[in-house]
1. Could you grab the relative contact order for the chain? Cα pairs under 8 Å, six or more apart, rounded to a whole percent.
2. To the nearest 10 degrees, how steep is helix 347-356 against the longest Cα principal axis of the chain, on a 0 to 90 scale?
3. Put one equal scatterer on each alpha carbon of the chain, apply the Debye formula with no solvent term, and list log10 I(q)/I(0) at q = 0.07 1/Å to two decimals.
4. Angle, helix 201-222 long axis vs. longest principal axis of the chain, Cα atoms, 0 to 90°, nearest 10?
5. Trypsin sites (Lys or Arg not before Pro), restricted to segment 204-246: which are DSSP loop and have at most 14 other Cβ atoms within 10 Å?
6. Among Trp260, Phe104, Trp51, flag the residue with its Cα farthest along the positive direction of the charge dipole of the chain, charges on Cβ as +1 for Lys/Arg and -1 for Asp/Glu.
7. Skipping prolines and chain starts, which residues have an amide H placed within reach, meaning under 5 Å, of the one on Lys241, given they are 5 or more residues away or on another chain?
8. With a 1.4 Å probe and all protein chains kept in place, how do Leu133, Leu21 rank by accessible area, largest first?
Amino acid sequence: IYSLNLELVFSLLEQPDWASLTLGVFVCQACSLLHRSIPHISRVKSVQDTWDASEVELMAAMGNTAAKAKYEQKVPAFYYRPTHTDCKLLREQWIRAKYERNEFEFIEKQEPYSAGYREGFLWKRGRDNGQFLSRKFILSEREGALKYFNKQDARDPKAVMKIETLNATFQPAKIGNPCGLQITYLKDNSTRNIFVYHSDAKEMVDWFNAIRAARFHYLQVAFPGASDEELVPKLTRNFMKEGFMEKTGPKHTEGFKKRWFTMDDRRLMYFKDPLDAYARGEVFIGSKENSYTVLSGLPPSTQGYHWNHGITIVTPDRKFLFACETEAEQRDWIAAFQRVINRPMRPQEYAGVKKRAHFFLFCF
């Protein structure tokens, strides 16, 4: 009978691999590894093992639905809920926030990222020398900005990043640190990148969610009639695609050069190095209704490329030529471009076109 009861519980989920006996929840294999990192809170067991009666009764008494109602009862709308595709840091801190720190049962525990003001030190990569140095950061919803200072006692900030254009995305592999965060903002109508990290994982995720909270409250004022469901996807975004491609200049007679490309919504930017502060060039990718298309391959007369898997982006004004090292990369880039081109443009994106239309500096 206990075996049948357990099978009934399993049938309510999508083939779980593991369970937390202490929390009474079923988890996937990837999350089970994270649960093992908090053994004082969660003791995991495979569903393939032999279960005794008390264990089955515990799982039947709690279960994922009841656990969610308990441990996620007060999750702020702006708080990032990671998926299985997110980095380990986000997934682990989500688990710890729920089960170890009980942050979503007691609102006062959310103060580090919900107060509207946050101050602290982060290790920031230098724009020119590439060294990470400790810098003071202040996030203020009242001032509508994130600022950082080169010296601890400095009165004037080195940079002021408007919350309006602020974005943050975890980039542990690119930055080379498990807590690596890339922050972008618009400066003089160009994208500026800064790369930061903190040795404490919770501290870094708190900064990330504080930025999301500031963005959320800004958008609530900017779009008073919008629902939380409409605003939350706009708080932060991951890049659609990143990686190396070769490119040539506007006349298509220059040799192809290897560059790092980032597809951020409708902006395709390229950099000499993945950790450059500024893009060497940027192009706006519009929609098919505006005569944008992406093609596999390069024009027959094209010369000077080393990688054989070409891509041509056709815009109303000109063609952009790229080459990928592998066929798989070519497919992935074409799919990313096609997703953008297939999506109708929003009114505010038309305004962006007038400001940055086809700004693409072919600096080698």
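The values are calculated or read from the model by the stated rules, or taken from the named source; none is laboratory data. What you see is a predicted model; the values in this text were computed from it and never measured. Neighbour counts run over all protein chains shown; Cβ positions are idealised from the backbone, glycine included. These area figures cover heavy atoms from the full protein model, side chains too; ligands, DNA and RNA do not enter into them. Shrake-Rupley method; radii C 1.70, N 1.55, O 1.52, S 1.80 Å.
1. 10 percent
2. 50 degrees
3. Computed log10 I(q)/I(0) values: -0.40.
4. 70 degrees
5. For trypsin sites (Lys or Arg not before Pro) across segment 204-246 that sit outside H, G, I, E and B with at most 14 neighbouring Cβ atoms in 10 Å, the list reads Arg237.
6. Trp260
7. Close amide H contacts, sequence-distant or interchain: Met263.
8. Leu133, Leu21
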